[in-house]
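Please treat every number below as a calculation from the coordinates, not as lab data. Predicted model only: the values in this text are computed from it and were never measured. Virtual Cβ from ideal backbone geometry, glycine too; neighbours counted across all protein chains shown.
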Amino acid sequence: MVKVFTLVSAEVGKAKEVLSGLKKTGLEVYPLFGEYDFIVIAETVDLKTATATILEKIQAVKGVTRTRTLVGAEI
């Protein structure tokens, strides 16, 4: 399993619309205060599926301007 944490920035004034769009993806979504507007958490079977999730679900939401993804690691 691959767990990814994607930090999301939204267009100014579009946070509610972006939140609505992110919730429709079925992923865990949490609003934030600070440099990023949301964190989206996804658990996928492999890195290829994680990449598809980021590109096709998260970045495809209208109003998303920037993402930064962190991949969970096993130590």
| task | Check segment 12-26 and report whether any residue there is of a type in the set (Val, Ile, Thr) and either assigned to a strand (DSSP E or B) or exposed (fewer than 14 other Cβ atoms within 10 Å of the Cβ) (or both). | result | yes
| query | Considering segment 56-73 alone, what residues qualify as being touching a helix residue (DSSP H, G or I) at 6+ places or on another chain (Cβ under 8 Å), of a type outside the set (A, V, I, L, M, F, W, C) and in a strand (DSSP E or B)? | reply | Thr67, Thr69
| message | Just checking, does segment 32-44 include any residue being under 12 Å from Val4 (Cα atoms), hydrophobic (A, V, I, L, M, F, W, C) and assigned to a helix (DSSP H, G or I)? | response | no
| Only listed residue being in contact with an Asp or Glu (Cβ under 8 Å, 6 or more places away or on another chain), touching a residue at least 24 places away in the same chain (Cβ under 8 Å), basic (Lys, Arg) and surrounded by 12 or more Cβ atoms within 10 Å (Cβ to Cβ), chosen from Lys62, Lys3, Lys57 | Lys3
